[in-house]
Amino acid sequence: MHAYPRWKLWLILIVFAVSVMGALPNFMNVPTWWPSMLSKKMNLGLDLKGGIHLVLDVEVDKAVAHSVAEDVDSVRRSLREKRIAYSSLENDGRTITAVIRNAGDTAAAAKLLSDSMHDFTMQQAGNKLVFTLKDSQAKDIKKFAVEQAIEVVRNRIDALGTTEPVIAKQGDHRILVQIPGYENTARAKSLIGRTAELEFKLVDEKGDLDKALAGDVPPDDEIVYGDPEKRGDKVYRQPYLVKKRTELSGNEVSDARVSIDSRYNEYAVTLKFNNRGAERFDRLTSQHVGDRFAIILEGVVKSAPVIRERISGGSAQITGNFTPQEARDLAIVLRAGALPAPVNIVEERSIGPSLGQDSINKGTSSTIYGFIAVVVFMLVYYRLFGLVADIALIFNLVLIVAAMSMIGATLSLPGIAGIVLTVGMAVDANVLIFERIREELRNGRTPLAAVDAGFDRAFVTIVDSNVTTLIAAVVLFQFGSGPVKGFAVTLTIGLLASMFTAITVTRAIIALSLGRRKRIERLSI
Amino acid sequence: MELIRSDTHIDFLGRRKIAMGISGTLVLASILLLIFKGLNFGIDFTGGTLVETRFAQAPSIADVREALTPKGYGNAVIQQYGNPKEIMIRVQNRDSKASSKISNTVLDALNAKFSNKVEMRRVEYVGPQVGKELTQAGIMAVLFAMIAIFGYVMFRFELRYAVGADLALVHDTSIVLGAFAITGMEFNLTVVAAVLTVIGYSLNDTIVVFDRIREMNAANRKKKNPEDEPTTANNAINQTLSRTLITSFTVLIVLLSLFFLGGEVIHGFAFALLVGVVVGTYSSIYIASPIMLMMKGHTKADEDAVREMEARP
């Protein structure tokens with residue numbers, strides 16, 4: 001004890017200096033020469049900062065079904081090209097079943113299709129061909145759908161112009177979205193949730209709409225409705241009989257801007273097509289002069305203008321009684337692209353700014369009062385030794401703040417609770433040591449020997465008892481989510497820091513203060 | 001200063017039958033409460049929507065309900081939260097896809113009735129699927145923690161110590177849950193976190209006692225007239241009593257500060273820890289060691305292994 005190793009002392013001083021420097025950016029602006037590693041601030045969690053927290057679920061099965069439906073189209077086309085008649089062609093989202101009309105054509109059809117349908121396995125039963133999507137392929141489609149959805153959501157959130165939004169994959173098919181400091185949950189949710197699926201389809205001018213409404217829809221057609229509008233006191237939705245085939249889609253849109261429709265002086269969105277889209281639009285309008293095409297947004301016909309002449313500029317306009325905000329949001333989602341599959345909001349935890357600030361204030365004051373109470377108690381109960389424990393406790397808090405800032409951990413409200421709890425538990429190590437010293441003194445040891453024995457014997461107990469709490473913290477980190485994770489992090493950092501400060505730091509202070517004196521009669525413990 | 005006199009000698013183990021009786025009754029009562037009254041599960045587990053709002057002037061619950069009834073949420077749980085201006089509204093899930101928008105409908109309806117003077121404080125929505133997943137994760141976490149701790153105590157001590165420690169944990173957990181059942185306080189994810197912390201903390205206390213028993217057992221072997229183990233254990237508990245109580249006291253100080261000053265959001269969390277720390281302190285004295293002693297002879301332990309264990313640092 002008399003010769004406290006120099007290197008240990010230096011180590012403690014260095015750790016202390018580094019943690020003070022690391023903690024400082026949280027309380028003041030540091031000069032420019034400050035080491036960048038130590039210049040980071042603690043991140044505040046959304047529950048303290050306020051903001052929107054959403055978890056989205058991507059309906060990946062729909063993405064698979066969508067892709068299978070496209071393959072049905074290509075099966076139909078190839079069979080027609082080779083003039084092979086089929087009596088039915090169906091799909092259930094994962095498998096495609098084709099029944100060939102003439103049994104004699106089955107072999108030819110099987111050969112034709114098995115060459116082109118690489119992603120499927122084929123089974124033949126009589127004149128029935130069943131194609132099942134391969135699992136590996138389905139997995140790829142799902143993975144791609146989630147990645148694409150993340151991209152699309154990111155573009156849409158970026159358009160809100162908030163700072164540092166978080167968009168990240170969570171698990172297999174979920175997306176975590178955090179928008180700090182943003183309050184308008186309704187707008188954020190509707191912006192994120194829109195599929196933004198935009199389709200241009202030709203209106204079937206020869207088809208009989210009334211017959212179709214009665215149930216007799218031509219095989220290549222479908223019925224789509226317009227926006228609900230009031231006629232008298234009834235709500236009416238205009239039906240349209242359109243071709244199933246999508247002539248142009250949102251994928252061909254390169255830009256979308258809010259504009260004013262000059263005829264009615266109302267808000268509209270003007271689309272610009274990319275090269276491929278412009279070409280298609282050019283061809284479509286040149287071939288179908290006099291026909292109507294329907295602009296279908298998310299399954300609703302927004303307008304169905306008549307093609308008066310060939311349009312080669314490559315742009316189109318969507319109208320539909322938009323408010324300025326609606327037009328702006330529509331432009332955002334069209335610009336950001338369509339979601340590959342619908343996304344649903346499955347979890348929301350949004351905090352208004354006032355509650356966040358309240359939580360910070362209450363968390364801070366409970367930490368301060370708890371801290372003061374413990375400090376005073378230790379001082380009264382253990383006198384000078386208590387003072388040493390208190391110094392270690394302050395060091396402990398500085399170390400926690402510095403460590404959390406340096407690793408970029410997020411401080412949540414339960415995280416603050418973790419720190420408060422650490423304050424109570426950190427002195428435990430010192431209590432163990434001091435009680436042991438008192439005991440050794442009672443057993444008749446000299447003060448110096450008692451101090452030595454106290455530190456040595458208590459050490460094992462301290463490690464053992466802290467490991468169990470660490471186990472609980474690690475489990476929490478594994479299973480917890482969001483703020484609870486924050487609690488696990490601060491608790492872990494706090495326990496590790498307290499083991500260092502309560503054992504090493506108190507020992508150093510005691511050793512240094514006792515070591516200078518020749519003989520010690522009494523300890524202030 | 002000393003709160004516990006150094007010559008304290010309480011016959012804890014002699015009173016183990018009374019203690020076991022009290023504990024047994026408490027645990028049984030907790031289990032019965034959990035079965036018949038049940039926990040007031042928060043939306044983390046049931047799924048649903050929670051909207052916390054602040055009004056410019058304190059509204060009456062009836063007015064708030066009146067605003068929500070036309071939207072079909074007349075049966076919502078509406079209550080004051082913290083102070084009279086703050087109102088918490090809880091609505092159950094319906095159709096899973098539209099449920100995520102309930103909070104916006106509720107806020108719009110309130111703003112319409114109270115002329116835009118309603119501030120959004122907090123919105124939580126948990127879909128049915130997520131609720132199930134969180135429940136599962138919570139149960140898994142508690143089980144996992146108990147297994148991991150059992151393993152650690154067995155590795156550091158021996159099997160009967162691990163049994164004593166784990167039964168003490170089951171005891172503490174049941175009583176904390178019982179306290180939530182009887183008070184009807186909301187049981188949510190942060191409370192699960194608190195329960196796990198109680199597990200870690202209570203064990204911390206138990207281990208300190210076990211450590212001392214182990215140390216004294218080792219010393220005992222060298223004596224000519226060794227004490228029997230119950231006496232050793234009782235002495236160990238007495239010797240560590242001062243530390244046990246002081247640490248629990250400092251932790252209780254900070255928890256009280258958290259409970260009274262930490263705000264509504266953290267209330268349940270602090271409450272669980274308060275109950276847990278009190279029960280955990282008691283169980284490490286009265287439950288863990290007696291069970292460990294009762295298990296002697298019931299678990300296999302060869303002499304060499306015990307000696308090796310006692311020699312461990």
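Residues are listed down the side, and each one gets a yes or a no for (1) under 30 Å from B:G127 (Cβ atoms); (2) of a type outside the set (S, T, N, Q); (3) in contact with a strand residue (DSSP E or B) (Cβ under 7 Å, 6 or more places away or on another chain):
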| position | (1), (2), (3) |
| --- | --- |
| A:S312 | no, no, no |
| A:G320 | no, yes, yes |
| A:R335 | yes, yes, yes |
| A:V343 | yes, yes, yes |
| A:P353 | yes, yes, no |
| A:Q357 | yes, no, no |
| A:G370 | no, yes, no |
| A:V376 | no, yes, no |
| A:R383 | no, yes, no |
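Would you check which residues across the range A:356-387 are closer than 21 Å to B:E52 by Cβ and within 7 Å of chain B (Cβ to nearest Cβ) and list them? Within the range A:356-387, A:D358, A:S359, A:K362, A:G363, A:S365, A:S366 meet the criteria.
Among the residues making up the range A:252-273, those that are surrounded by fewer than 14 Cβ atoms within 10 Å (Cβ to Cβ) and not small (G, A, S) are A:D255, A:I260, A:R263, A:Y264, A:N265. Only one of the numbered conditions (1) in contact with an Asp or Glu (Cβ under 6 Å, 6 or more places away or on another chain); (2) surrounded by fewer than 21 Cβ atoms within 10 Å (Cβ to Cβ) is violated by A:A341, and that is (2). Across the range B:15-54, the qualifying residues are those that are among the basic types (K, R) and surrounded by fewer than 18 Cβ atoms within 10 Å (Cβ to Cβ), and the one among them that is farthest from the other protein chains (Cβ to nearest Cβ) is B:K17. I'd like to check something: does the range A:230-250 contain any residue that is part of a strand (DSSP E or B) and closer than 21 Å to A:A63 by Cα? Yes, the range A:230-250 contains a residue that is part of a strand (DSSP E or B) and closer than 21 Å to A:A63 by Cα. Every residue in the range A:167-214 that is hydrophobic (A, V, I, L, M, F, W, C) and part of a strand (DSSP E or B), please. A:I167, A:A168, A:I175, A:L176, A:V177, A:I179, A:L198, A:F200, A:L202, A:V203 - these are the residues of the range A:167-214 that are hydrophobic (A, V, I, L, M, F, W, C) and part of a strand (DSSP E or B). Considering the range A:76-122, and only residues there that are among the aliphatic types (A, V, I, L, M) and assigned to a loop (DSSP other than H, G, I, E, B), the residue that is nearest to the chain's Cα centre (by Cα) turns out to be A:M117.
Of the residues making up the range B:120-131, those that are closer than 19 Å to A:L355 by Cα and either aliphatic (A, V, I, L, M) or modelled with pLDDT under 90 (or both) are B:M120, B:V123. For the residues B:T173, B:T135, B:T183, the requirement of being of a type in the set (V, I, T), away from every other protein chain (no Cβ under 11 Å) and more than 30 Å from B:M20 (Cβ to Cβ) singles out B:T135.
Counting just the residues of the range A:39-64 that are in a loop (DSSP other than H, G, I, E, B) and of a type in the set (G, A, S), which one comes out surrounded by the most Cβ atoms within 10 Å (Cβ to Cβ)? So, considering only residues that are in a loop (DSSP other than H, G, I, E, B) and of a type in the set (G, A, S), the one surrounded by the most Cβ atoms within 10 Å (Cβ to Cβ) is A:G45. In the range A:434-525, counting only helices (runs of 4 or more DSSP H) that sit wholly within it, the ones holding 1 or more residues that are of a type outside the set (G, A, S), under 29 Å from B:F269 (Cα atoms) and modelled with pLDDT under 85 span A:447-479, A:483-499. Checked against (1) facing chain A (nearest Cβ under 9 Å); (2) over 20 Å from the mean Cα position of the chain (by Cα), B:V118 meets all criteria but (1). Each residue in the range B:254-290 was checked for being surrounded by 22 or more Cβ atoms within 10 Å (Cβ to Cβ), among the aromatic types (F, W, Y) and farther than 26 Å from B:D211 by Cβ, and 1 of them qualify.
Is there a residue in the range B:207-224 that is within 28 Å of A:E347 (Cβ to Cβ) and surrounded by 20 or more Cβ atoms within 10 Å (Cβ to Cβ)? Within the range B:207-224 (the criterion being within 28 Å of A:E347 (Cβ to Cβ) and surrounded by 20 or more Cβ atoms within 10 Å (Cβ to Cβ)), the answer is no, since none of the residues qualifies. Going through the range B:75-101 one residue at a time, which ones are at pLDDT below 90 and farther than 13 Å from B:T53 by Cβ? Hits for the range B:75-101 are B:N75, B:Q92, B:N93, B:R94, B:D95, B:S96, B:K97, B:A98, B:S99, B:S100, B:K101.
Yes/no matrix, rows are residues, columns are (1) closer than 30 Å to B:I291 by Cβ; (2) more than 23 Å from the chain's Cα centre (by Cα):
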position	(1), (2)
B:T8	yes, yes
B:L13	yes, yes
B:G24	yes, no
B:F45	no, no
B:T69	no, yes
B:R90	no, yes
B:A98	no, yes
B:K101	no, yes
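B:Y125 - would you say it is crowded, with 21+ Cβ neighbours inside 10 Å and assigned to a strand (DSSP E or B)? Taking the combined requirement at face value, the residue satisfies it. All of B:A193, B:A145, B:A181, B:A141 fail the test of being at pLDDT 90 or above and assigned by TED's automatic domain parsing to the domain that holds B:L255, apart from B:A181. Taking B:F12 as the residue in question, decide whether it is touching a strand residue (DSSP E or B) at 6+ places or on another chain (Cβ under 7 Å) and crowded, with 17+ Cβ neighbours inside 10 Å. Here the answer is no, as B:F12 does not meet what is asked.
When only residues in the range A:174-221 that are without any contact (Cβ under 8 Å) to a residue 60 or more places away in the chain and within 14 Å of another protein chain (Cβ to nearest Cβ) count, which is farthest from A:P353 (Cα to Cα)? Among them, the one singled out is A:A186. Considering only residues in the range A:434-471 that are at the interface with chain B (Cβ under 7 Å from one of its Cβ atoms), farther than 20 Å from A:R383 by Cα and without any contact (Cβ under 8 Å) to a residue 12 or more places away in the chain, the one that is surrounded by the most Cβ atoms within 10 Å (Cβ to Cβ) turns out to be A:T468.
The values are calculated or read from the model by the stated rules, or taken from the named source; none is laboratory data. Since this is a predicted model, take the numbers as computed values, not measurements. Every residue, glycine as well, gets a Cβ built from its backbone with ideal geometry; the counts of neighbours run over all protein chains shown.
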